[in-house]
Structures are given as structure tokens and as C-alpha cells.
Amino acid sequence: MAFGLRLVSVKKLTIILIVLAVASSVGIAYTLNRIRQINAFNLAVSTGKTPQTDKQSYEARYSTAYWLAKNERFKEATLLFSQLSQKGTPAQRAAVQHNIGNMFFLKSLQVSGGNDSKIRDEVEYLLTQAHGAYKQALKMDNSLWGTRRNLDRVISLLPETPTPGVGESD
């Protein structure tokens, strides 16, 4: 009893412990609720539905854009990704640029029709856009090997002499 317990009565000690227990209970309840919200968010994202929590978070908008891109709704996905490319960490912005590049690259691979010059110009335009997006992603985060691989693929598909009126420098 020489540790200063004489200064604290049993009643005061009981009150302090009750307050501590209530605060701990509130903290646990908040954490459990947040875990439930995160699980619901992850389930909604994995099924392509709009999450009920964190609707305006970076992750929610990113997952919506990613889902749209996976379902080949490239215009809507490009719009959402373009909005996200202005926000977030450099790694997040690099991931956004990578996905924009992927959309242009996939769209260029889907376009077919032989030797028609309009189709060839469209494919070249899409590949040029993918090239630019991949380069932007690598400027933000040079450790993305998937982006490097895709950039190499795009470069191998682009013509050696660009068609006038198709590239970004025109």
C-alpha cells in the first residue's frame, strides 16, 4: 500500500475503472461496426454494385470505374478514371493511368476490319492514347512491371512512322 493507493479511495478507483470499461466498450462497438461496413463495401465492390458506405471515397469511385472498364463501358470508366487521376497518392494515380492505358489498348485490340484506313487510323489513335497513359503511369511509379510490359506491347504495335493527324502532337 505504499504505492499511493491510500490517496485513491475504493469508490474513486471503481468509478475510474467503470469509465475505462465504458470507453473501451464504445471503442470496440465502433470498430466492429466499421469492420461490418468494410465487409459490406468489399462485397458490393466484388459484385459490381454501388456500396452503401463510403460512396464518395477514392476506393469506391476507383472500383466503380474498374468494374465499368471490365464490362467494356469504356466511356463511363474513362470519365471516372479521369476524375480520379487528379487525386490520390502517386501510386493511386499511376494505377489510374495504367487502367486508362489498358482501356485504350483493349479497345484497339477489339477494333478490326481489315485494311480500311479509317479503322487503321482509329487503332493507331487508340494505341497512341494507351502509349501516353502508360508513360504517365511510369512517370508516377516506375516500379509497375505490368505497365512496362503493356507499354512494350503498345510500342511494338505502333507504326514506326506515325500517320499525320492521328498522334497527340498534331
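Summary table below
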quantity: Crossing angle, helix 145-157 versus the chain [Cα axis fit, 0-90 degrees, rounded to tens]; calculated: 10 degrees
quantity: Electrostatic dipole magnitude of the chain [Cβ: Lys, Arg +1; Asp, Glu -1; Cα centre; debye, to 20]; calculated: 1260 debye
quantity: Mean accessible surface per residue for the chain, computed with a 1.4 Å probe while every protein chain stays in place, in Å²; calculated: 69 Å²
quantity: Set of lysines with alpha-carbon distance to LYS12 below 26 Å, sequence-local pairs under 8 removed; calculated: none
quantity: Range in the chain, longest, excluding exposed GluC sites (Glu not before Pro) [loop by DSSP; at most 13 other beta-carbon atoms within 10 Å]; calculated: 73-159
quantity: Within a Gaussian network of the chain (alpha carbon springs, distance under 10 Å), most fluctuating of VAL26, VAL45, VAL96; calculated: VAL26
quantity: Cα gyration tensor category, rounded, prolate or oblate, for segment 47-148 with a/c compared to 1.5; calculated: oblate
quantity: The chain, relative contact order [Cα under 8 Å, separation at least 6], %; calculated: 14 percent
quantity: Difference of contour (0.36 nm per residue) and Cα-Cα distance, ASN42 to LYS70; calculated: 8.4 nm
quantity: Largest-first principal axis extents, alpha carbons of segment 1-90, Å; calculated: 73, 27, 16
quantity: Contour excess over end-to-end distance, with Cα ends at SER24 and ARG148 and 0.36 nm allotted per residue; calculated: 39.8 nm
quantity: Mean residue ellipticity (222 nm) of the chain, computed from DSSP H runs ≥ 4 via -39,500 (n - 2.57), nearest 500; calculated: -24500 deg cm²/dmol
quantity: The chain: angle of helix 58-70 to the longest principal axis, Cα-based, in degrees nearest 10; calculated: 40 degrees
quantity: Helix 74-84 axis, angle to the chain major axis (alpha carbon atoms, nearest 10°); calculated: 50 degrees
quantity: Over 21 Å (Cα to Cα) - which of LYS70/LYS107; LYS87/LYS139; LYS75/LYS107; LYS118/LYS139; LYS70/LYS139; LYS49/LYS87 fall in this group; calculated: LYS118/LYS139; LYS70/LYS139; LYS49/LYS87
quantity: Options (i) 157; (ii) 250; (iii) 175 - which one matches volume of the Cα convex hull per residue in Å³ as calculated here; calculated: (iii)
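The values are calculated or read from the model by the stated rules, or taken from the named source; none is laboratory data. In this text, all values refer to a predicted model and were calculated from it rather than measured experimentally. Cβ sites come from the backbone with ideal geometry, for glycine too, and all protein chains shown count toward neighbours. We work out accessible area using only protein heavy atoms, side chains counted, and drop any ligands, DNA or RNA first. Shrake-Rupley method; radii C 1.70, N 1.55, O 1.52, S 1.80 Å.
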